[in-house]
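The block underneath contains the structure these notes are about, expressed in structure tokens.
The values are calculated or read from the model by the stated rules, or taken from the named source; none is laboratory data. All values reported here derive from a predicted model rather than from experimental measurement. Cβ atoms come from the backbone with ideal geometry, glycine included; neighbour counts cover every protein chain shown. The protein model used for the area step is the full one, side chains on, heavy atoms only, and it has no ligands, DNA or RNA in it. Shrake-Rupley method; radii C 1.70, N 1.55, O 1.52, S 1.80 Å.
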Amino acid sequence: MIEKALTSADVEFVTTLHGDEQASFHVLLQPRGNQADRLLRAIDDLALGELDEAAREGETPEGEQARDEGERALEVSLQALRGTGSSAEGRLIEDHPLDALKALVEEVDADEVLVLTDPHYVEEFFHRDWASRARHKVGVPVLKLFSHARVQGGGAS
């Protein structure tokens, strides 16, 4: 489960997480504009010392624009995963992400769930983040990972 396009560092990390063991990925992406309250995102940005990002939260796309950006982010992520030789499928989810995750886990008989996200301090503090809530819902181990931020020039840190 992701909330934005995977960076090359994210792809390397998740595809090597279990050593040489072959993994297939079923990716769910919820467009960012539809997933979290702007105020919570701004607080998270402030907690990370990213004042410019907090000021730009009002520019986060919503609705159809968020969906279009989400579809592009999903396709970039799937191509990057496939580029490592991994099997990768995915879909955009707009409503009830944890219900969609639970259904997917059952559908593909998943061994575990990876939640790759930016830090969301307010939600994490109250255990309302995706990983915390998924642990009570999906019936398989849930591993929470923090995505690698994009840096100037399009690389990964």
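Key figures
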read-out	value
Given (1) hydrophobic (A, V, I, L, M, F, W, C); (2) at pLDDT below 90; (3) more than 22 Å from Val105 (Cβ to Cβ), number of the condition Ala9 does not satisfy	(2)
Checklist (1) modelled with pLDDT under 90; (2) over 21 Å from Leu145 (Cα atoms) applied to Arg41, failing item	(2)
Of all residues making up region 66-120, the number that are open to solvent by 70 Å² or more (accessible area, probe 1.4 Å) and among the hydrophobic types (A, V, I, L, M, F, W, C)	1
Hey, Leu143 open to solvent by less than 50 Å² (accessible area, probe 1.4 Å) and either at pLDDT 95 or above or not in a helix (DSSP H, G or I) (or both) or not	no
Which listed residue is open to solvent by 20 Å² or more (accessible area, probe 1.4 Å), at pLDDT below 85 and closer than 17 Å to His148 by Cα, from Gly58, Gly63, Gly49	Gly49
Within region 4-17, tally of residues that are open to solvent by 10 Å² or more (accessible area, probe 1.4 Å) and in a loop (DSSP other than H, G, I, E, B)	5
Breaking point among (1) more than 17 Å from Val27 (Cα to Cα); (2) modelled with pLDDT of 75 or more; (3) not charged (D, E, K, R), for His127	(2)
